[in-house]
1. Going down the list LYS18/LYS343; LYS49/LYS126; LYS268/LYS394; LYS16/LYS141, which pairs span over 28 Å between their C-alpha atoms?
2. Counting Lys +1, Arg +1, Asp -1, Glu -1, what net charge surrounds ARG145 among other residues with beta carbon under 10 Å of its beta carbon?
3. GLU282: net charge of surrounding residues, Cβ under 11 Å, Lys/Arg +1, Asp/Glu -1, itself excluded?
4. What percent do you get for the relative contact order of the chain when only Cα pairs under 8 Å and 6+ apart count?
5. Leaving ligands, DNA and RNA out of it, report the carbon-plus-sulfur percent of the accessible area of segment 216-345 at a 1.4 Å probe.
6. Summarise the accessible area of segment 105-200 (1.4 Å probe, protein heavy atoms) by the percent that is carbon and sulfur.
7. What angle do you read, to the nearest 10 degrees and between 0 and 90, between the alpha-carbon axis of helix 205-214 and the longest principal axis of the chain?
8. Farthest toward the dipole's positive end in segment 105-200, which of PHE176, ILE134, MET108, given Cβ charges of +1 (Lys, Arg) and -1 (Asp, Glu) about the Cα centre?
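The values are calculated or read from the model by the stated rules, or taken from the named source; none is laboratory data. Since the model is a prediction, treat every value here as computed from it, not as a measurement. Glycine also receives a Cβ, built like all others from the backbone with ideal geometry; neighbour counts cover every protein chain displayed. Quick note on the areas: whole protein, heavy atoms, side chains included, nothing else; ligands and nucleic acids left out. Shrake-Rupley method; radii C 1.70, N 1.55, O 1.52, S 1.80 Å.
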Amino acid sequence: MANVIIVGAQWGDEGKGKVVDIYTEHAQNVVRYQGGNNAGHTLVVGDEKTVLHLIPSGILHQGKRCIIGNGVVLDPKVFLEEIDGLKKKGYLQDDSQLMVDGAVNIIMPYHKLIDIARERKSGAKKIGTTGRGIGPTYEDKVGRRGIRFADLLKPETFKHKVNEVLPEKNFYLEKFLGEEPLSAEAIIEEYLGYADRLRGYLGRASTCLDVAMKDGENILFEGAQGSLLDVDHGTYPYVTSSSTIAAGACTGSGVGPHCIDEVIGISKAYVTRVGEGPFPTELEDEMGERLRAAGNEFGATTGRPRRTGWLDIVALREAVRTNGLTGIALTKTDVLNDLETIKVCTAYRYREQLIEEFPQDLDILKECTPVYEEIPGWQCDINSITEYATLPQKVRDYVDRIEAWTGCPVVLVSVGPRRSETIIRTNPF
Ligand code: IMP
């Protein structure tokens, strides 16, 4: 039996969906434990592309139990649309495959409105959020005025909670953000309209996973976003509002840390970021464009072009430490196929100092410039290679260097978007 957490080791969009999809074969249970529909996991099965924002990627496998843990925030409209989309494609024929924890906090219309209006008002200081209401929903959760999934299923409780919280929201929307107030009746009507379809999915992640473990089943915890977007350990305030690092899997689903066997961090062979915030290895030149085009680096959730840059080992080492990574899955390696030379940042220069640890202080990070090592590119197509030993020596050298710099084994190398374009060196299960 093995329980494995998958996390993004960068600023999100590392290709977690594909790796989770591959590992799902070995797990009976797949769990989302934080974030909401700010995530966008793109999966390619055969020639069919599926983008999931909320439902665990394991849903594409028949018979796997997919659990949305208590740490997630859920937009019921998006959730139901995703269910309909999956059913139309022939997935999720058995509804008992999917479960939502009763303590999941619900994204309400005022959360989305506040998110968007606040960003607009912030001007140049904006975070660059996905506008899905994620931050405001987590604020209410921690502020103890959130509305939970189980509340939504009890009409009287739901009405009471909406009526209780809305005056404060409307005051803030009108007086501070200059928006129109929202009607409690309209919100109640819309959301209670979803409730009947949602009722069948109610469950409790913690107890369900406990039973699964006692039955000897495996669990795959599917992280969203990336370690550098973690609310505590990321580039605050340019972060998302949840614990994206591995520890979030325990609080976000109600399992003890001793239940976790492996933590796999997903890293692209280069780096991307969407939204604002420091990005030391960012390439704002023709090479950045080249990576964006070759890697099709446009947001799966918002369609925004992603900022691109060279692999940042300083940042990756931070992810190895904060997550306790036991392995790295290196994705989109094929995107570098054509390059003559590949640069890798192994340290930062800050004024006169050489820094090897990712600075916590954003004022320092903003001033850091990357110190690069150059690696010769392999300049050939590696997409059809299925054995690690037959990868060009230069690719293996790149992987060896990453392992040496981070002190963490590279357990998987992805060489293309399809399931089949994946080389598994060590299986964490
Ligand atoms: P929020 O999560 O919508 O509040 O956005 C906060 C920050 O996290 C912004 O910079 C977003 O672009 C970023 N972010 C949120 N979700 C993702 C994701 O799934 N991939 C990459 N970046 C994300």
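1. Working: LYS18/LYS343 25 Å; LYS49/LYS126 32 Å; LYS268/LYS394 17 Å; LYS16/LYS141 26 Å.
Exceeds cut-off: LYS49/LYS126.
2. Value of the local net charge: 0.
3. 0
4. 20 percent
5. On the way: 1960 of 4140 Å².
The nonpolar share, carbon plus sulfur, comes to 47 percent.
6. Its accessible area is 53 percent carbon and sulfur atoms.
7. 60 degrees
8. Selected residue: ILE134.
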